[in-house]
Amino acid sequence: MKIVLDEFDYKILKILCNNSRLSYAEIGRKISLSQSATKERILNLIDLEVIKNFSIGIDFEKLGYGLKVLISLKFKNDDFRKFIADLPKFPEVMTCKRITGEFCLITECILKDSSHLENLIDRLIPYGTPTTSIQLSEVRIENLFDHFTAASNKR
């Protein structure tokens, strides 16, 4: 079921993507809505399951995990199912996505250093063939909801 949102809903989503700790009043001020109207809209977005959860961003580098790595994995047949079942054995894996193309899965990992990476690769090899890319930096683009806001203005 497709849910139709208006400009205010998209503005709220954009604000919450940047900072989900803001109060209803603060969000309302930013988009010219009352606190109660803002709260009602946010609760509606939660009820509709457009908002699935509220999360935090962690600076892993400050915790000693300064190496971010993407590891693509190739498997024979459907051996990837064993790896997915064993994911709890890999606390370094932050996300694991099943993809199309040459690889079957791509993981995003947070590691301490290159020796930690080497250890992880050694633990992955029995499951399949890993290909590693070290993340040098991240560019965050926060204009997704600008498109929806502009589109709702054209209606």
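The values are calculated or read from the model by the stated rules, or taken from the named source; none is laboratory data. Keep in mind that this is a model prediction, so the values were computed, not measured. Here the Cβ positions follow ideal geometry from the backbone for every residue, glycine too, while neighbour counts run over all protein chains shown. Accessible surface areas use protein heavy atoms only, side chains included; no ligands, DNA or RNA. Shrake-Rupley method; radii C 1.70, N 1.55, O 1.52, S 1.80 Å.
Please identify the longest segment of the chain free of exposed GluC sites (Glu not before Pro), where exposed means a DSSP state other than H, G, I, E or B and no more than 10 other Cβ atoms within 10 Å.
Of all site-free stretches, the longest is 50-101.
List the aspartates and glutamates whose Cα sits under 15 Å from the Cα of Lys52, skipping any in the same chain fewer than 8 residues away.
Asp9
Relative to the first principal axis of the alpha-carbon coordinates of the chain, what is the inclination of helix 114-124, with its axis defined by its Cα atoms, in degrees from 0 to 90 and to the nearest 10?
80 degrees
Please work out the average accessible area per residue across the chain, using the 1.4 Å probe convention, and give it in Å².
Accessible area per residue, the chain: 70 Å².
Taking all protein chains as present, what is the carbon and sulfur share of the accessible area of the chain, in % to the nearest whole number, probe 1.4 Å?
Here carbon and sulfur together make up 52 percent of the probe-accessible area.
Treating the angle as unsigned and between 0 and 90°, give the value, to the nearest 10°, between the Cα long axis of helix 35-47 and the longest Cα principal axis of the chain.
Tilt relative to the chain: about 40 degrees.
Rounding to the nearest 10 and keeping the result within 0 to 90°, find how far the Cα-based axis of helix 7-18 lies from the longest principal axis of the chain.
Roughly 40 degrees, rounded to the nearest 10.
Please compute the length gained on full extension between Arg29 and Ile51, using 0.36 nm multiplied by the number of residues separating them and subtracting their Cα-Cα distance.
Gain in length upon complete extension: 5.9 nm.
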